[in-house]
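As structure tokens, the structure follows; a few thoughts come after it.
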Amino acid sequence: MPDLSKRLLHSHEGKLLLVVLALVIFLSLATKSFLSLQNMIDLLTSYSFSGMLAAGLLVVLISGGIDISFTASASVAQYVAMTIANQYHIGWIEVILICAVVGIACGLINAVLIGTLGLSSIIVTIATLNVFFGLLMFVTHGNEIFALPDWFVNGANWVVYTDKQGNPYIFNLQMIGLIAAFVLTALLLTRTNIGRQIYALGSNKDAAQRVGIKVFRLNLLVYGYMGFVAGMASLVQAQDAQSVSPNALVGRELDVLAAVVLGGASLTGGVGTVFGTILGVMLLAFLQNGLLLLGVQSYWSECFTGAVILIAVSALALERQRQRAGVRRVMA
Amino acid sequence: MVTYTAPPARAAAARLWKPGPVLLRLTVLFLLLMFLFGVLLGHRLFNGAAIRSMAFQLPELAIFSLAMMVPLLSGGLDLSIIATANLSALAAAFVFTHFGVSGSDASVLLWHIAALVAAFGVAAMVGLLNGTVIAYLGVSPILATLGTMTMVKGIAVGLTHGGVIAGFPPFMVFIGNGSILGVPVVLLVFAVIAIPMGVLLTRTPFGQRVTMLGSNLQAVRYSGIDTRRVLVRVYLLSALLSAVAGLLMMARFNSANAAYGESYLLITILAAVLGGIDPAGGFGKVSGLVMSLIVLQLVSTAANLLNVSQFLSLALWGAILLGVAGIGRVWAWARLFLPARKPS
């Protein structure tokens, strides 16, 4: 299919794919352990939290909004769920339900405030970030929960395969969460009427309103979905960390934003794909992991990450400028 | 009877950010809070020590907020202010700790100047980078400054390995913790910066261009103004103000580090918006910002005196912003039911 490959090359995702592939080839030649199964499992596990949040944030960005408060929602969700799990005899289903309810509630609060206050979504969610996080820290006095129920600590992993040295390769809760978040988001965005409406809203809000899209209701869904994903991600993160700390997650919201934007989503809305977001998360994950494996001091990893973000957003902007110039030439 | 069609949300939002009522509303809020906390705390709030501690804490956040305000007015945002401040402070700290601060008066003075030059030089580089990427490459300000924020902090962490540089000459300690005639030096520094900034942003061609840029960038360009040069200066100014805040932070803690003051970042946006600065650009005054900072500081000091966690004041800050916006909306809604003013 030459047509498809040509289209892919001209899309942002195609170029990003080439960059990621180049990075993978370089790292697998330069280091022994990068392309090992164990390293990939570790990467999937440790980036599950940001990956899941990236999927949720993608939906918000496509709708033309932004959410900064999701790390606070996640912190609240995992703290509430684990506190209740420690008090009462409940199982997985109840914990998942609690996280979903708390996350969705936080998301709905955002959507209602954005819809009624006439403030932009970034301002509202910065305010709610402070409200959620401030109240959580106030109520919990910043105390961590170290003792989690046994069934939760042991988690859900399945040994898929044991190699000759007896090293087990596992499939775990974190991977399920990550895959589920991306699949669910892809289905929502590309296979449902609501997904088309979200793209329409982000592309042109006034036009969307004129064709009869109920913006407020759609926003409830978008921010509610972000909250739901944040709740699920918080659960996965708590299981991975084996403890819950109220201030461990807040501050990571901008990293997630960076990954989604690297994946080609536009802050002005209407643009973005799940595939691009996956590549964006992969690029940052491979970069940070690769630097570590190459023996670069971990102190410098943030600097490289920043440089890559800066170069990528500049390249994206130049690309869009050229596209616009092309359109103008055709029109003239 | 006149049928009234509701104004679109955008127009209502614009009315919310008219400069006059914002100051009025914040003053009313301030007086209400003063009354509330006065009843709760009595003379514990209204004494010299409490007011002085407020005066010491306010300026850092205030100057950071000014650094955030300039890009906000132009319709942008600068997420790299804290990182820039820390890298600038580290540059100054490097000069102070590696080259003598002893010796003759002349050489001590020279090294102080060298430290300042280092700090502002670093900040200027970051500001120019931000400005160039935003103005000439057309990157959205959030993304460009998110990139520089990560990179600049990364440089600071990489160079210091996350460590603290401490031990500065007595003059810096005096700047951070001293007072002149009972007024903290940091507050004086803030006044010396805020007043010219107010003049610069409202009474000079540059200030006019910045706010016009925030209202309608295309129109400004078509009227023959080099918008890209103005934008570069906006981010340069923002970075230089950040460096001042970074130096104050360094003087107050008597140390510098790559990660100081990170919790200020989003708070500055909150403070600016509460102070009537339209986050979409175009409207806002330094006076409103100062008033909003005083309100926020009052809440935080009262929380401190009431012995409740500082995090509650964080939550209250967010709630105040949402509350003020909410009252504005209710007021706009209520006016729909008042008799419309006759056109004159």
Of (1) surrounded by 14 or more Cβ atoms within 10 Å (Cβ to Cβ); (2) more than 30 Å from B:Ile320 (Cα to Cα), A:Gly115 fails just (2)
Looking at segment A:251-262, is at least one residue surrounded by fewer than 24 Cβ atoms within 10 Å (Cβ to Cβ) and of a type in the set (Gly, Ala, Ser)? yes
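Give me the residue from segment A:110-121 that is at the interface with chain B (Cβ under 7 Å from one of its Cβ atoms) and either part of a loop (DSSP other than H, G, I, E, B) or touching a residue at least 40 places away in the same chain (Cβ under 8 Å) (or both) and, out of that set, nearest to A:Leu57 (Cα to Cα).
Taking segment A:110-121 and keeping what is at the interface with chain B (Cβ under 7 Å from one of its Cβ atoms), we get A:113, A:116-120.
From the residues that got through so far, the ones that are either part of a loop (DSSP other than H, G, I, E, B) or touching a residue at least 40 places away in the same chain (Cβ under 8 Å) (or both) too are A:118-120.
On the way: A:Gly118: 21, A:Leu119: 19, A:Ser120: 16 Å.
Filtering first and then ranking leaves A:Ser120.
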Please work out which one of (1) touching a residue at least 12 places away in the same chain (Cβ under 8 Å); (2) touching a helix residue (DSSP H, G or I) at 6+ places or on another chain (Cβ under 9 Å) is the condition A:Asn86 fails and give its number. (2)
If you scan segment A:251-284, which residues turn out to be more than 12 Å from the chain's Cα centre (by Cα), at the interface with chain B (Cβ under 9 Å from one of its Cβ atoms) and either aliphatic (A, V, I, L, M) or outside any loop (DSSP other than H, G, I, E, B) (or both)? A:Leu267
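Please go through segment A:286-320 and pick out each residue that is among the polar types (S, T, N, Q), part of a helix (DSSP H, G or I) and more than 7 Å from chain B (Cβ to nearest Cβ).
If the condition is that a residue be among the polar types (S, T, N, Q), part of a helix (DSSP H, G or I) and more than 7 Å from chain B (Cβ to nearest Cβ), then A:Gln288, A:Asn289, A:Ser298, A:Ser301 are the ones that fit.
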Go through segment A:150-172 and report how many residues are over 27 Å from the mean Cα position of the chain (by Cα) and not acidic (Asp, Glu). 7
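Determine if segment A:94-106 includes at least one residue that is within 14 Å of chain B (Cβ to nearest Cβ), assigned to a helix (DSSP H, G or I) and more than 23 Å from B:Thr268 (Cβ to Cβ). Even if it seems obvious, please write down each step before you answer.
Start the filter on segment A:94-106 by keeping residues that are within 14 Å of chain B (Cβ to nearest Cβ), which leaves A:106.
Then keep just the ones that are assigned to a helix (DSSP H, G or I); that gives A:106.
Right, trim to more than 23 Å from B:Thr268 (Cβ to Cβ) and you get A:106.
Yes; the residues of segment A:94-106 include at least one that is within 14 Å of chain B (Cβ to nearest Cβ), assigned to a helix (DSSP H, G or I) and more than 23 Å from B:Thr268 (Cβ to Cβ).
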Just wondering, is there one or more residues in segment A:150-162 that are under 19 Å from A:Glu253 (Cβ atoms), of a type in the set (S, T, N, Q) and surrounded by 13 or more Cβ atoms within 10 Å (Cβ to Cβ)? no
What do you reckon, is A:Thr185 surrounded by 15 or more Cβ atoms within 10 Å (Cβ to Cβ), under 20 Å from A:Ala233 (Cβ atoms), β-branched (Val, Ile, Thr) and away from chain B (no Cβ under 14 Å)? yes
Could you check segment B:151-173 and list, in sequence order, the residues that are touching a residue at least 40 places away in the same chain (Cβ under 8 Å) and in contact with an Asp or Glu (Cβ under 7 Å, 6 or more places away or on another chain)? B:Lys153, B:Val157
I need the full set of residues from segment B:136-157 which are surrounded by fewer than 24 Cβ atoms within 10 Å (Cβ to Cβ), of a type in the set (Gly, Ala, Ser) and at pLDDT 90 or above, in order please. B:Gly154
Give me a count of the residues in segment A:51-67 that are within 14 Å of another protein chain (Cβ to nearest Cβ), under 12 Å from the mean Cα position of the chain (by Cα) and under 28 Å from A:Gly142 (Cβ atoms). 2
Name the one entry in B:Thr132, B:Thr148 that is in contact (Cβ under 8 Å) with a residue 12 or more places away in the chain and at the interface with chain A (Cβ under 8 Å from one of its Cβ atoms). B:Thr148
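Checking the condition more than 30 Å from B:Gly328 (Cα to Cα) and touching a Phe, Trp or Tyr at 6+ places or on another chain (Cβ under 9 Å), which residue from A:Asn110, A:Asn157, A:Asn86, A:Asn143 passes? I'd like the intermediate steps shown before the answer.
Numbers: A:Asn110 fails: more than 30 Å from B:Gly328 (Cα to Cα); A:Asn86 fails: touching a Phe, Trp or Tyr at 6+ places or on another chain (Cβ under 9 Å); A:Asn143 fails: touching a Phe, Trp or Tyr at 6+ places or on another chain (Cβ under 9 Å).
After applying the criteria, what remains is A:Asn157.
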The residue that is nearest to the other protein chains (Cβ to nearest Cβ), considering only those in segment A:136-166 that are touching a residue at least 24 places away in the same chain (Cβ under 8 Å) and assigned to a helix (DSSP H, G or I), is A:Met137
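Which helices (runs of 4 or more DSSP H) does segment B:190-296 wholly contain that include 3 or more residues that are crowded, with 19+ Cβ neighbours inside 10 Å and touching an Asp or Glu at 6+ places or on another chain (Cβ under 8 Å)? Steps first, answer last, please.
Details: elements: B:205-215, B:217-222, B:227-253, B:264-274.
In segment B:190-296, B:227-253 are the helices (runs of 4 or more DSSP H) which contain 3 or more residues that are crowded, with 19+ Cβ neighbours inside 10 Å and touching an Asp or Glu at 6+ places or on another chain (Cβ under 8 Å).
Among A:Gly227, A:Gly195, which is the only one that is without any contact (Cβ under 8 Å) to a residue 40 or more places away in the chain and among the small types (Gly, Ala, Ser)?
Details: A:Gly227 fails: without any contact (Cβ under 8 Å) to a residue 40 or more places away in the chain.
Among A:Gly227, A:Gly195, only A:Gly195 is without any contact (Cβ under 8 Å) to a residue 40 or more places away in the chain and among the small types (Gly, Ala, Ser).
Just checking, which of B:Ala271, B:Ala319, B:Ala332 is modelled with pLDDT under 85 and within 11 Å of chain A (Cβ to nearest Cβ)?
Numbers: B:Ala271 fails: modelled with pLDDT under 85; B:Ala319 fails: modelled with pLDDT under 85.
From the options B:Ala271, B:Ala319, B:Ala332, the qualifying one is B:Ala332.
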Given (1) hydrophobic (A, V, I, L, M, F, W, C); (2) in contact with a helix residue (DSSP H, G or I) (Cβ under 9 Å, 6 or more places away or on another chain); (3) more than 14 Å from chain B (Cβ to nearest Cβ); (4) touching a residue at least 40 places away in the same chain (Cβ under 8 Å), index of the condition A:Phe171 fails: (4)
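The values are calculated or read from the model by the stated rules, or taken from the named source; none is laboratory data. Predicted, not measured: the structure shown is a model, and the values here were computed from it. All Cβ positions, even for glycine, are placed from backbone atoms using ideal geometry, and neighbour counts span all protein chains on display.
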